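Reviewing the structure listed below.
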Amino acid sequence: MNLNALTQRPAYDGIARLLHWLVALLIAAQFVLGWTMPDVHRDTVPDGLIAWHLGVGAAIVAAVACRILWRITHQPQPAELTPTLSFISRATHTLLYVTLVAVPLAGWANASSRGWAVKLFGMVRYPDLTQNGSQTGHALGDVHGWLAWALLALIVLHIGGALFHRIVLKDDVLQRMLP
Ligand code: HEM
Ligand code: HEM
């Protein structure tokens, strides 16, 4: 039985669902770009797929910021879960948010250290996070790559969890996030 239907309040409102799927789409595209773009070296020029990675990255920064602001100001109806499942789901969601912030910030800091501009829709230039040539910014390039793998592992766990609810538990958790 759909408890949320009974209480007349959607678990996640339309904006929360829209932002969830927009970020999911952008992240999927960003992994494809990150894996297919040319290796980045000292003298690499940020054009082609690298320019796309920076542009989609700027959109991710904006969309994740909107998502977190919306989440803080619009609390969803909690799902009816056992204490163990509730703990696992909250921990996964928290870690997802942490990596959704940390991965883009590390990539952005690395871009700044290379003197690359990060622009939203090619127009709105974001401030530089590190100085051109910064060692910290350089090191954060590696951190960006490692954290992207951690984000991917969390996404796999998250999708596995959603399918587990749908196929094994047969509850309405997946429906909570569907349009
Ligand atoms: C890049 C991919 C994805 C990311 C980063 C992501 C991230 C998140 C986050 C952070 C939440 C917590 C929402 C909150 O309470 O604030 C969430 C919820 C949810 N996501 Fe995703 N998600 C992704 C893809 C997917 C996919 C592919 C599915 C379906 C197969 C899915 C299904 C759900 C569901 C059902 C919820 C609600 C869980 C609940 O009711 O507690 N997500 N997602
Ligand atoms: C969640 C979002 C993101 C994901 C999943 C992601 C993923 C990746 C991946 C897989 C790589 C290749 C790593 C390697 O080959 O070791 C990469 C490299 C890179 N990304 Fe991202 N990225 C994201 C966001 C961003 C953002 C927001 C920016 C900047 C605005 C950015 C800038 C870069 C740069 C400059 C590199 C080259 C780093 C280097 O090799 O030193 N990324 N990214």
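Rule-based calculations on the coordinates, nothing more; no lab input. All of these numbers come straight from a predicted model, not from anything done at the bench. Quick reminder, even Gly has a Cβ in these numbers, built from the backbone with ideal geometry, and neighbours come from all protein chains shown.
Identify the residues of the range 138-161 with backbone N under 18 Å of a label point that sits 7 angstrom from the Cα of Trp35 along the Cα-to-Cβ direction, or state none.
Of the residues in the range 138-161, 144-160 have backbone N under 18 Å from the label point off Trp35.
Applying the Karplus parametrisation 6.51 cos²θ - 1.76 cosθ + 1.60 with θ = phi - 60° to the phi angles of the range 163-179, what ³J(HN,Hα) value in whole Hz is obtained for each residue in order, glycine and proline being reported as x?
Once rounded to whole Hz, the list reads 6, 4, 4, 6, 8, 8, 6, 6, 9, 9, 4, 5, 4, 4, 10, 7, x.
With a point put 7 Å past each Cα toward its Cβ, work out how far Arg71 is from Asp142 in nm, to one decimal.
According to this spin-label approximation, the distance is 2.9 nm.
About its Cα centre, what dipole magnitude does the range 10-177 give when the only charges are +1 on Lys and Arg Cβ and -1 on Asp and Glu Cβ, stated in debye to the nearest 20? Show your work: numbers first, answer last.
Values: 11 positive and 9 negative charges, 52 e Å.
Using Cβ point charges on Lys, Arg, Asp and Glu, the range 10-177 gives about 240 debye.
Which order do peptides 108-116, 83-91 fall in by mean Cβ count within 10 Å, highest first?
On the way: 108-116: 21.2, 83-91: 12.4.
Ranked by mean Cβ neighbours within 10 Å, highest first: 108-116, 83-91.
In units of 2.2 N^0.38 Å, what is the alpha-carbon radius of gyration of the range 126-179?
Working: Rg = 18.5 Å, N = 54, 2.2 N^0.38 = 10.0 Å.
For the range 126-179, the normalised Cα radius of gyration is 1.85.
Report the Stokes-Einstein translational diffusion coefficient (µm² s⁻¹, integer) for the range 45-106, Rh taken as the Kirkwood radius over Cα pairs, at 4 °C with viscosity 1.567 mPa s. Before the final figure, lay out each step's value.
Numbers: Rh = 13.8 Å.
Taking Rh from Cα pairs, D becomes 94 µm²/s.
From largest to smallest, what semi-axes in whole angstrom does the chain give when each is the square root of 5 times an eigenvalue of its alpha carbon gyration tensor? Intermediate results must be reported in sequence, preceding the final value.
On the way: eigenvalues 247, 54, 38 Å².
Equivalent ellipsoid of the chain: 35, 16, 14 Å, largest first.
Where does each of 129-136, 147-154 land if you order them by average Cβ count within 10 Å, highest first? Mind showing how you got there, number by number?
Values: 129-136: 13.8, 147-154: 16.1.
Those peptides, ordered most packed to least, come out 147-154, 129-136.
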